Amino acid sequence: MTKASNASTTSASFEAAIEPQRRQRKRPSLRKLVSRADYVWRQGNRLALYTAHSEVMRRMNKRLQKDLPKTPAPVPEGPVPSQRRMLADIASLFASDLKAVEAGLYPPPRDGRMSLRELVSTSRAFFKDVPDVARRRATGSHQEVFETTDGFADALPRYYQQNFHYQSDGWLSEDSARLYDFQVDVLFSGATAAMRRRALVPFAEIVKRKDQRQIAYADLAFGTGGLLRPALDAFPRLSGIGIDLSEPYLNVAMERIPTRRASFINAMAEKLPFADNSMDVLSCVFLFHELPPKIRRQVVSEIARVLKPGGSFLFVDSLQTGDVPDYDGLLSLFPQLFHEPYYASYLKEDLDQMFKNEGMHRGFFAPAFVSRVAAFVK
Ligand SMILES: C[S@@+](CC[C@H](N)C(=O)[O-])C[C@H]1O[C@@H](n2cnc3c(N)ncnc32)[C@H](O)[C@@H]1O
């Protein structure tokens with residue numbers, strides 16, 4: 001047999017061998033199609049729901065502004081992506097999310113399963129709050145929390161006692177805790193949960209190598225459990241600790257994560273209640289941009305202290321300047337539109353260097369719509 005015919009035989013048998021796979025790839029099973037349709041239906045509904053809320057809020061704000069002091073128009077420092085570009089990026093985020101579900105990294109998400117009653121009451125509370133937020137924005141009132149709370153709040157750090165995003169009660173009430181996730185979803189068009197879930201991709205890699213029951217895991221500044229809950233859903237033998245400085249947020253999280261595998265601690269990320277070298281995995285979503293630079297460094301140092309050698313820190317937060325240059329102008333608008341006192345410093349922070357200084361190096365990195373997702377290893 002000549003070399004050429006030998007090659008063509010090999011190629012024919014290779015073709016025959018992969019044909020069943022190819023057929024499989026071409027025709028997804030009925031089950032897969034149903035689960036895809038379900039995903040698209042739920043995430044599509046979320047996108048529509050939160051985009052509609054955002055549009056109604058925009059109109060309300062326009063009307064409200066007539067009776068409020070004028071504020072300077074925000075000026076972007078760099079390019080701002082078009083609506084079409086942002087929609088395409090959300091679609092690509094959802095596609096990656098669905099791909100991870102189909103690859104078995106985590107189960108189909110549970111977001112989008114709010115009862116009608118809960119949806120109506122949260123939506124009402126959201127719109128009721130819009131005039132208060134508009135008033136704070138127009139008058140620059142972002143210290144109400146500091147000025148009006150006393151007693152229990154005295155023990156909290158000063159930088160924390162602010163109306164971040166001009167939100168009512170800052171982090172310090174149950175009303176704020178119940179509204180928070182909805183407000184963030186209006187801001188990010190329903191894509192928030194999918195951005196958080198990107199952290200489950202490097203997490204799934206860790207879980208593959210280790211018995212879930214042996215993994216000591218905590219989510220820092222975990223809010224109402226935005227990442228802890230899907231992490232516990234994804235890895236059914238994993239236990240996890242939610243850490244947050246806000247007692248009301250912790251209380252709402254406890255209600256939302258009614259499993260024995262979750263525990264909750266009211267503590268500061270810069271003073272973690274764990275022994276040196278005791279944790280396998282830590283995660284943290286949307287905290288770093290809200291910390292003064294000095295505290296940010298303390299948090300990184302605490303993370304490095306409590307992680308075991310080889311332990312991982314999973315990070316999700318806003319994109320930084322230069323991550324996706326087309327978004328740089330949009331990022332520069334955030335601190336102009338919302339009370340985000342430490343965001344501008346976050347945008348320029350060299351996170352890789354900060355972790356390197358504490359003996360940690362970055363492995364995984366991926367932008368996800370307006371977020372950056374990274375894993376740092378000790
Ligand atoms: C923007 S929210 C993020 C919540 C959640 N991680 C998420 O995925 O949406 C910020 C959270 O960080 C908490 N927080 C802020 N500073 C903190 C600190 N120094 N230590 C612990 N929690 C803190 C707040 O109470 C709030 O729940």
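What the table below lists for this structure:
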read-out: Residue match in segment 188-207 (condition: surrounded by fewer than 21 Cβ atoms within 10 Å (Cβ to Cβ) and in contact with a Pro (Cβ under 8 Å, 6 or more places away or on another chain)); value: no
read-out: Condition check for Phe334: within 13 Å of the ligand (Cβ to nearest atom) and either hydroxyl-bearing (Ser, Thr, Tyr) or modelled with pLDDT under 95 (or both); value: yes
read-out: Complete set of residues in segment 166-187 that are over 19 Å from Leu49 (Cα atoms), of a type outside the set (Gly, Ala, Ser), surrounded by fewer than 21 Cβ atoms within 10 Å (Cβ to Cβ) and within 12 Å of the ligand (Cβ to nearest atom); value: Asp169
read-out: Residue pairs meeting the criteria (Cβ under 7 Å; at least 6 apart or on separate chains; first under 12 Å from Phe94 (Cα atoms), in segment 26-43; second in a loop (DSSP other than H, G, I, E, B) and modelled with pLDDT under 90); value: Arg42/Gly112; Gln43/Gly112
read-out: Total residues in segment 97-106, condition part of a helix (DSSP H, G or I) and surrounded by 15 or more Cβ atoms within 10 Å (Cβ to Cβ); value: 4
read-out: Condition check for Pro367: touching a residue at least 24 places away in the same chain (Cβ under 8 Å), more than 19 Å from Tyr160 (Cα to Cα) and not β-branched (Val, Ile, Thr); value: yes
read-out: So Ala134, is it surrounded by 19 or more Cβ atoms within 10 Å (Cβ to Cβ), in contact with a helix residue (DSSP H, G or I) (Cβ under 9 Å, 6 or more places away or on another chain) and of a type outside the set (D, E, K, R); value: yes
read-out: Test: residue in segment 107-117 that is outside any loop (DSSP other than H, G, I, E, B) and either in the same structural domain as Arg42 (by TED's automatic domain parsing) or at pLDDT 85 or above (or both); value: yes
read-out: Answer residue from segment 153-165, given it is within 11 Å of the ligand (Cβ to nearest atom) and under 19 Å from Val252 (Cβ atoms) and is modelled with the lowest pLDDT among those; value: Phe164
read-out: Residue within segment 111-120 that is surrounded by 12 or more Cβ atoms within 10 Å (Cβ to Cβ), in contact (Cβ under 8 Å) with a residue 60 or more places away in the chain and closer than 14 Å to Thr192 by Cα present; value: yes
read-out: Complete set of residues in segment 110-143 that are of a type in the set (Lys, Arg) and either over 18 Å from Arg256 (Cα atoms) or in contact with a Gly (Cβ under 8 Å, 6 or more places away or on another chain) (or both); value: Arg124, Lys128, Arg135, Arg136, Arg137
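For every residue, the table says whether it meets (1) at pLDDT below 90; (2) within 30 Å of Lys208 (Cβ to Cβ).
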{"site": "Met57", "(1), (2)": "yes, no"}
{"site": "Lys62", "(1), (2)": "no, no"}
{"site": "Val80", "(1), (2)": "no, no"}
{"site": "Phe94", "(1), (2)": "no, yes"}
{"site": "Lys99", "(1), (2)": "no, yes"}
{"site": "Val130", "(1), (2)": "yes, no"}
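Okay, residues lined up against (1) surrounded by 21 or more Cβ atoms within 10 Å (Cβ to Cβ); (2) β-branched (Val, Ile, Thr); (3) near the ligand (Cβ under 9 Å from one of its atoms):
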position: Ala267; (1), (2), (3): no, no, yes
position: Glu270; (1), (2), (3): no, no, yes
position: Ser283; (1), (2), (3): yes, no, yes
position: Phe288; (1), (2), (3): yes, no, no
position: Arg297; (1), (2), (3): no, no, no
position: Ser301; (1), (2), (3): no, no, no
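The values are calculated or read from the model by the stated rules, or taken from the named source; none is laboratory data. Values in this document were obtained by computation on a predicted structure and should not be read as measured data. A quick note on method: Cβ atoms are made from the backbone with ideal geometry, for glycine too, and the neighbour counts reach across all protein chains shown.
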